Amino acid sequence: MIHEKIIIESEKKDQPEACMMTYFWEESQELYPGQVRPVILICPGGAYRMTSDREAEAVAVKFMSMGYHTAVLRYSVAPAVYPTALHQLAKAVSILRNRSAQWLIDPEKIIVMGFSAGGHLAASLGTFWNKGEITEALKLRAEEIRPNGMILCYPVISSGQFGHEESFRNLLGERYGELKEKMSLENQVDQDTPRTFLWHTFEDTTVLPENSLSFVRAMVKNGNPVEYHLFPEGIHGIGLGNELTANPNGRGIVRACEEWSSLCEKWLNREFPWWNPEDQK
């Protein structure tokens, strides 16, 4: 395994750095020599106040075991404000794409995954990559920062009636009133928003399931492929839903939605297979 810490430098000296931890398959002459693989870049949640361990390494290792390269982005949180974290994610995607030959990454299969506020961050890149603001600020081309797919796990989406106010206040700081509507991402979906796998739980009282429903409706309205699962049980922030991401007291073990990762694997295998389907014929 190629396990490296990649520093994501800020464009200004007074801004904080982020880091990306890689969990990449090493090339094997015995197993699929020269095999390029999709990469899943994971953004943990934490209300833009922290990045949760519950949604980081265990998730990366789980999806690596499915045959995918993975990486975890530890992005900047409050007191850092928008667009700091979004710029860090865009830079991370550009690094993965520009160094794809070195790491045997398929540059057309870069998927961003996010949990809770990390889901808002991932969806922000998915909806803003083509609108010019990020590329102008970072001096990058839109195609360098474009995610090819998204996996959104109980994401913060809306800043309206069903919004998670703490996340938006941490993200926007003093510009909360000015940018609140802009950062309600159901309003930013267009025909260039990438195909998405999305799941939520009916019992989530922290980030209400109306958040994901609003994004699904916007995706359907724009003719974008989306797969959505709403599980009947489960509190907010359960990660994988099993012992790997649970608290010592068992909080976070929810068998009713533990299957989400298996459903996501099936989606990935259809939309972004890590092997060449032609080789299987």
Which numbered condition W129 misses (of (1) under 20 Å from N222 (Cα atoms); (2) more than 17 Å from the chain's Cα centre (by Cα); (3) among the hydrophobic types (A, V, I, L, M, F, W, C)): (2)
Flag if P232 is surrounded by fewer than 18 Cβ atoms within 10 Å (Cβ to Cβ), touching a residue at least 12 places away in the same chain (Cβ under 8 Å) and closer than 30 Å to I253 by Cβ: yes
So F215, is it in contact with a strand residue (DSSP E or B) (Cβ under 8 Å, 6 or more places away or on another chain), assigned to a helix (DSSP H, G or I) and closer than 27 Å to M64 by Cβ: yes
When residues of segment 167-202 are limited to those that are part of a helix (DSSP H, G or I) and in contact with a Pro (Cβ under 9 Å, 6 or more places away or on another chain), the one nearest to V216 (Cα to Cα): L185
Residue match in segment 239-261 (condition: buried (at least 16 other Cβ atoms within 10 Å of the Cβ), closer than 14 Å to P155 by Cα and among the polar types (S, T, N, Q)): no
Condition check for E11: over 23 Å from H87 (Cα atoms) and either touching a His at 6+ places or on another chain (Cβ under 6 Å) or in a loop (DSSP other than H, G, I, E, B) (or both): no
Checking P155 against (1) more than 11 Å from the chain's Cα centre (by Cα); (2) in a loop (DSSP other than H, G, I, E, B); (3) buried (at least 18 other Cβ atoms within 10 Å of the Cβ); (4) not hydrophobic (A, V, I, L, M, F, W, C), the condition it does not meet: (1)
Top-ranked residue of segment 88-117 - restricted to ones that are in contact (Cβ under 8 Å) with a residue 12 or more places away in the chain, in a helix (DSSP H, G or I) and polar (S, T, N, Q), ranked as surrounded by the fewest Cβ atoms within 10 Å (Cβ to Cβ): N98
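Every number in this text was worked out from the coordinates using simple rules, so none of it is lab data. All values derive from a computational prediction rather than experimental measurement. Neighbour counts are summed over all protein chains in view; Cβ atoms, including those assigned to glycine, are modelled from backbone coordinates with ideal geometry.
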